[in-house]
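The values are calculated or read from the model by the stated rules, or taken from the named source; none is laboratory data. As the structure is a computational prediction, the values presented were derived from the model and not from experiment. Every residue, glycine among them, receives a Cβ derived from its backbone with ideal geometry; neighbour counts consider all protein chains shown. Side chains are part of the model used for accessible areas, which takes the heavy atoms of the whole protein and leaves out ligands, DNA and RNA. Shrake-Rupley method; radii C 1.70, N 1.55, O 1.52, S 1.80 Å.
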Amino acid sequence: MICVMFYNDAEAVFSQTKPIATSVLDGFNVCIFPYGQTGTSKTFTMEGTPEERGVNYRTLEELFRISEERKGVMKYELHVSMLEVYNEKIRDLLVENSAQPTKKLEIKQAAKGTQEVPELVEACVHGTEDVWELLKTGNRVRSVGSTSANELSSRSHWIHWLNKRLKEPLFHIDVQIS
């Protein structure tokens, strides 16, 4: 576990979290969890803007860069899911038609000890722009309610889930016995 102070400087936070965040491609489970009071720039530090990218975008750029760099040895398939926890309910932010009644989603522990949400939409992504578009889509449908500290507070917990699958290990072992 790493503890990083948020200084409203995504570049500084990214430089501290980069080694851990990119270890997801090596099979580690990673969570970057900003914590603090409303109005302390957690969202800005993580998301940023198109001109000043946040930790999420910088991490994705690095993951896609490493994935491309390793493509001669391994091929990864990256999938994104997004959920919101609001009033103790889990809501899939990538459901096509949010007007339809949704199935009750629950966080379950998988046999391998990881957490998962069965039936959560997974969108295959091929680059940072794909992910950025999904993040914008998910953000548009989040629950919003004002607080005394911030009139546009989300009042919910937003989880971006990046799932890496090893699509094709490119190892060939030729054993000859003489």
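Residue 61 meets all of the listed conditions (1) modelled with pLDDT under 85; (2) in contact with a helix residue (DSSP H, G or I) (Cβ under 8 Å, 6 or more places away or on another chain); (3) open to solvent by 70 Å² or more (accessible area, probe 1.4 Å) but one, namely (1).
Based on what the data block shows, is residue 17 hydroxyl-bearing (Ser, Thr, Tyr), open to solvent by 70 Å² or more (accessible area, probe 1.4 Å), closer than 22 Å to residue 157 by Cβ and in a helix (DSSP H, G or I)?
no
At least 2 residues being under 24 Å from residue 29 (Cβ atoms) and at pLDDT below 85 is the threshold, and among the strands (runs of 3 or more DSSP E) wholly inside region 76-173 those reaching it are 157-169.
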